[in-house]
Structures are given as C-alpha cells and as structure tokens.
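> Let me begin by handing over the structure; questions about it come next.
Here, each number is a calculation from the coordinates, and none is a lab measurement. Only a predicted model underlies this, so the values are computations on that prediction, with no experimental measurement involved. Note that we place each Cβ from the backbone using ideal geometry, even for glycine, and neighbour counts take in every protein chain shown.
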Amino acid sequence: MILVTGGAGFIGSNFILDWLSQSNESVINLDKLTYAGNLQNLVTIADDKRHIFVKGDIGDSGQVARLMTEYQPRAIINFAAESHVDRSILGPEAFIQTNIVGTFRLLETAHAYWKTLNQADKHDFRFLHVSTDEVYGSLTEREPAFTEIHRYQPSSPYSASKASSDHLVNAYHRTFGLPTLITNCSNNYGPYQFPEKLIPLMITNALADKPLPIYGDGKQVRDWLYVSDHCSALRRVLEAGKTGETYNIGGWNEKPNIEIVHTVCALLKEMTGGPANGDYRDLITYVKDRPGHDTRYAIDARKIEHELDWKPRETFETGICKTVQWYLDNQDWVASVQTGAYRDWIESNYIQQRQ
Ligand code: NAD
Ligand code: TYD
C-alpha cells in the first residue's frame, strides 16, 4: 500500500480518487484536517476498504512511525502543506511548522522506517514530495520557462517554506540515500479546490453576486494545469521516475489572471444564462496588489515528457469547462466549506488588507 499525506485537500483527494479508480493498491490517508482538508471530498469512497483515513499531523513522528510499522507502505506521497500564498503573508508560522518542520519530521520517520526494510524493499521504496513551481520565483515576460535546474528564488513565505522542504528532501537523498523524488508543478485547478484560490473564488463569488477581486493590474501570468493531469503525472513519476531527480509538471497554458476571470465569467453566462441584469464581468473589482506578487510562472515540462513519456490530456478550454460545471453542480459542497473560519479569512484578506 501507499501512504498519502494531505489526502483530504484539493490535489490529495483528487489523487486518491484517481488512484483507486485505476489500482487495487490501498491508500492510507494521513491528514490533519485543517480548514483546507475536507472528508466530503472523499465521500464517494467512504465505504471503500482500500481507503484508510487517519487524522494526524505529518510532524507527529510517533503517530507516523506507528502507521508505517503497522501498514508497511511501499511509498509515501507528501501533499500535506499549508498552500495559500495570501495566508502565508498574513500568518507565516503555520507554513514554517508544516511545510518545513513537518516535512523534516516526515523525512526522519521515513528514513528510520526505510532502514528497517530488506534490501529489495529498500530499493523499491519511494518518498515522493509534491512541490510547486513557485520555488523558482518570478519570471519576466520574455524569460524562458522554468527548467529543473532553474535557481531557487522564492518570494513569499509559502514558496520559501516549500523551497526549504525541497532542499531537505534532496539532502536526505544525497546524505542518507533515501529514494526520493520531487515534483514542481504549476497552478492547478479543478474539482474540490478550496474557494480561496483564484478560479474557485471567482466562480463562487460570481454566483453569489459578490465582487471579483483582481490584485494589481491582473496581468500576472500563471501556467494552469487541470488537477487530474497533475495526478497522472505523479503516478508516472512514482512508477518510473529516477530517484534523486526533480520533475517539473505543467500544462503549457500560460494565461494572465484577467483573461482567466473573463473566461470564467463568459462560461458562467453561457451555462447559467445569468446574471439577470448585465454581465458577471461587471463584478470585476481591482484591489490592492499582493505584497511581493510574482509576475509570471511558466513550466518547461520537456523533461517529464521526454524521460517519462507524460503529457497532459486536458487543454485549458476543456479543463475550465469541466471545472465551472463541477462548481455549478456542487453548490452544497461550496456552502459546506464556507464555514465561519472561511468568512473570518475573507474579512482579514479582502476587507482589512486590500482597501
Ligand atoms: P490544500 O491546502 O488544498 O490541501 C492541503 C492538505 O494538507 C489539507 O487537507 C490539510 O488538512 C492537510 N494538512 C495541512 N497541514 C498538515 C499537517 N501538518 N499534517 C497533515 N496534513 C496536513 O493544498 P493543495 O492545493 O491540495 O496542495 C497539495 C500540495 O501540492 C501542497 O504541497 C502544495 O504545495 C502542492 N502544490 C499545489 C499547487 C496548487 O495549485 N494547488 C500547485 C503545485 C503544488
Ligand atoms: P492563487 O490562486 O492564490 O495562486 P498562486 O498565488 O499560488 O499563484 O492566485 C493566482 C493568481 O491570481 C495570483 O497571481 C494572484 C491572483 N489573485 C487575484 O488576482 N485575486 C484573488 O482574489 C486571488 C485569490 C488571486
């Protein structure tokens, strides 16, 4: 079986659903259930014996060690993280604790467990660390996309904490021989994404007739990948990636934020016929920029394409249609994640910081 951490979050839950639809190998899902973790994402596999959910923290070495001894996983896929840049600006502490200290403790526990394995199992074991393109920092308009050897130059407490965790993972490979893999992926979108990130926030705000906040001039560029393509890339890296290596994952889909928001507005109009008066675009509101806002991210995904024969299946056009439709079909899910804690967050990010 495999151990997935952070499997109740956006990408982790998509990964587990995809995994169990294609494989009979069981998954232990260790998740702290922070505001971003939601077991409703996994309701369709609630009765599936191949999914074992355990509430816990990757930094709790005792609990993680007991799980590893009991279940003897052949691989760990580490999704667990604090993942939102704006939250890292308002409160970096949790990012340092989970993304750096938590990853360090998980590596320590994995290393201690790995040393107890027999030669064959040691050889086959994998620690796959799921990271982000944000570790590379910001590109200018004309610079080439990030390759795996691009220098690390993170801008936010979030990306700095992820960069730090990547270095630790590489150190455990170089120093102790732990069979690690790192993936650095571009911005994901799709079902079950918490509506604090750009695309789900715009969909849910538009449907609720609330402002669509664009940071700065809205010309910042992100490289978007549909989440199931990220999941298929991770499966491929786990299966065939060379230990000690990094693989960049991206969809060759660079788009300025404002264009994304225009697309979302147009699709909503087409799919709902609304809003009654005017256009969803009328809700667009330019707000104060994010401090240290990275101008552009772009992934050069040729290594994973050439070495592991992986390519995304979705285009942005197909992926964004599926995503908007999913949010329209799952408004109960949206309502349930918009808890009191979420409303407090909206208050501190958009009302106190951006006026
Ligand atoms: P998310 O915030 O939706 O989910 C994170 C999950 O981790 C949640 O279920 C949360 O409860 C859990 N968690 C947090 N702290 C924990 C801890 N200490 N112990 C155990 N579980 C904990 O994040 P996501 O968007 O699904 O991202 C998953 C991973 O992918 C992250 O490592 C992120 O850096 C990386 N990533 C995300 C994107 C993106 O666009 N979302 C892109 C590239 C890489
Ligand atoms: P986000 O989804 O937070 O991802 P990241 O910062 O990790 O790339 O933001 C994507 C882009 O959208 C980023 O340039 C910031 C911008 N943005 C807005 O303009 N308004 C918003 O309300 C949010 C959440 C993001």
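> With the Cα gyration tensor of segment 234-355 in hand, convert its eigenvalues to equivalent ellipsoid semi-axes via √(5λ) and list them largest first in whole Å. List each step's numbers first, then the result.
Working: eigenvalues 216, 83, 58 Å².
Value: 33, 20, 17 Å, ordered largest first.
> After finding the eigenvalues of the alpha carbon gyration tensor for the chain, what semi-axes result from the square roots of 5 times each, listed largest first in whole Å? Display every interim value, and only then the final one.
Values: eigenvalues 220, 97, 76 Å².
Whole-Å semi-axes of the equivalent ellipsoid: 33, 22, 20.
> Using Cα-Cα distances under 8 Å and only pairs 6 or more residues apart, what relative contact order does segment 192-311 have, in percent? Kindly include the intermediate steps, with their values, before the conclusion.
Details: 147 pairs, mean separation 47.7, N = 120.
Relative contact order comes out at 40 percent.
> Tell me the net charge near Ile2. Cut-off is 10 Å between Cβ atoms, Ile2 excluded, with +1 for each Lys or Arg and -1 for each Asp or Glu.
Values: positive: Arg74, Arg126; negative: Glu25.
Here the charged neighbours net out to +1.
> Another question about this same structure. Would you mind classifying segment 255-315 by shape? Square roots of the alpha carbon gyration tensor eigenvalues, ordered a ≥ b ≥ c; an a/c under 1.5 is rounded, otherwise it is prolate if a/b is larger than b/c and oblate if not.
Working: a/c = 5.89, a/b = 1.61, b/c = 3.66.
Verdict is oblate for segment 255-315.
> Can I ask one more? Apply the a/c threshold of 1.5 to the C-alpha gyration tensor of segment 32-127 and tell me whether it is rounded, prolate or oblate. Don't skip to the answer; put the middle values down first.
Numbers: a/c = 2.43, a/b = 1.31, b/c = 1.86.
Oblate, since a/c reaches 1.5 and b/c is not below a/b.
> Then there is this: Report the label-to-label distance for Ser23 and Leu117 in nanometres (one decimal), using points 7 Å from each Cα along the Cα→Cβ vector.
About 1.3 nm, to one decimal.
> Let me ask something else. Placing +1 at every Lys and Arg Cβ and -1 at every Asp and Glu Cβ, with all other atoms neutral, what dipole size does the chain have around its Cα centre, in debye to the nearest 20?
Working: 35 positive and 44 negative charges, 106 e Å.
Taking the Cα centre of the chain as origin, the dipole is about 500 debye.
> Any idea which of His167, Thr183, Leu33 is furthest toward the positive side of the dipole for the chain, if Lys and Arg beta-carbons carry +1 and Asp and Glu beta-carbons -1?
About the Cα centre, the residue reaching furthest to the positive side is His167.
> Within straight cross-link reach of Lys197, meaning Cα distance under 29 Å, which lysines are found once same-chain residues fewer than 8 apart are removed?
Lys32, Lys55, Lys162, Lys210, Lys219, Lys255, Lys269, Lys288, Lys303, Lys311, Lys322
> Lys122: which lysines have alpha carbons under 22 Å from its alpha carbon, excluding same-chain residues fewer than 8 sequence positions away?
Result set, ordered by chain and number: Lys242.
> If you place +1 on the Cβ of every Lys and Arg, -1 on the Cβ of every Asp and Glu, and leave all else neutral, what size is the dipole of segment 64-123 about its Cα centre, to the nearest 20 Debye? Each step should come with its number before you reach the end.
Values: 6 positive and 6 negative charges, 53 e Å.
Charge dipole of segment 64-123: 260 debye, to the nearest 20.
> If each residue's Cβ is checked for other Cβ atoms within 10 Å, how do Cys321, Cys185 rank with the fewest at the top? Don't skip to the end; give the middle numbers.
Numbers: Cys321 16, Cys185 25.
Result, fewest neighbours first: Cys321, Cys185.
> In addition: Most mobile of Thr109, Thr175, Thr183 per a Gaussian network model of the chain (Cα springs, under 10 Å)?
Thr175
> OK, next. By its C-alpha gyration tensor, with a ≥ b ≥ c as the square roots of the eigenvalues, how is segment 34-76 shaped: rounded for a/c under 1.5, else prolate for a/b larger than b/c, else oblate?
Oblate.
> Quick one: Cα centre-to-centre distance for segment 173-217 and segment 234-270, in angstrom?
When both Cα centres are located, 10 Å separates them.
> Specify which residue in the list Gln153, Ser131, Tyr113 is farthest towards the positive end of the charge dipole of segment 95-168, using unit charges on the beta carbon of Lys, Arg (+1) and Asp, Glu (-1), about the Cα centre.
Selected residue: Tyr113.
> Still on this structure: Identify which of Glu305, Glu148, Glu239 has the largest mean-square fluctuation in a Gaussian network model of the chain, with springs joining Cα atoms closer than 10 Å.
Of Glu305, Glu148, Glu239, the most mobile in the Gaussian network model is Glu239.
> How many nm is it between the label spots at Thr315 and Ala335, if each spot is 7 Å from the Cα in line with the beta carbon?
Result: 3.6 nm between the two label points.
> Right, here's the next one. For Arg313, Arg222, what's the fewest-to-most ordering of other Cβ within 10 Å of each Cβ? Could the numbers behind the result be given before it?
On the way: Arg313 11, Arg222 22.
In increasing order of surrounding Cβ atoms, one gets Arg313, Arg222.
> How long is segment 1-40 along each principal axis, judged by its Cα atoms, biggest number first, in Å?
The principal-axis extents, from largest down, are 30, 15, 13 Å.
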